[in-house]
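For reference, the structure is listed below as structure tokens.
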Amino acid sequence: MLQPLVPAQVDRPSLRPPHRQLEEALTHGLDPLHLAEVFGLDDKTAMRYADSARALLEQAAEQQLL
């Protein structure tokens, strides 16, 4: 039987790599062209990251209003 690579007590979501593209969009602006250039993404993928970052910012703003 194969042993798991990660011990059971470790929080699995914390092991996921950070979304560098999303972090870049949040810190350096929501410009999909910038994301495409920096990460070598195609247009549609860069637009999805920019849209996701925009949605996160809007959600955070709404929570601050409450």
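FYI, it's all coordinate maths here, none of it is from the lab. This one's a predicted model, so the numbers in the text were calculated from it and none came from an experiment. Here Cβ is always computed from backbone atoms with ideal geometry, including for glycine, and neighbour counts include all displayed protein chains.
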Q.
Take Leu65 and His19, extend 7 Å from each Cα along the Cα→Cβ direction, and tell me the distance between the two endpoints in nm.
A. 2.2
Q) In a shell of Cβ-Cβ distance under 15 Å around Ala50, excluding Ala50 itself, what net charge do Lys and Arg (+1) and Asp and Glu (-1) give? A) -4
**Q.** Separation in nanometres of the label points that stand 7 Å from Cα toward Cβ, at Leu56 and Asp42
**A.** 2.4
Q.
I'd like the per residue volume of the convex hull spanned by the Cα atoms of the range 19-65, given in cubic angstrom.
A. 58
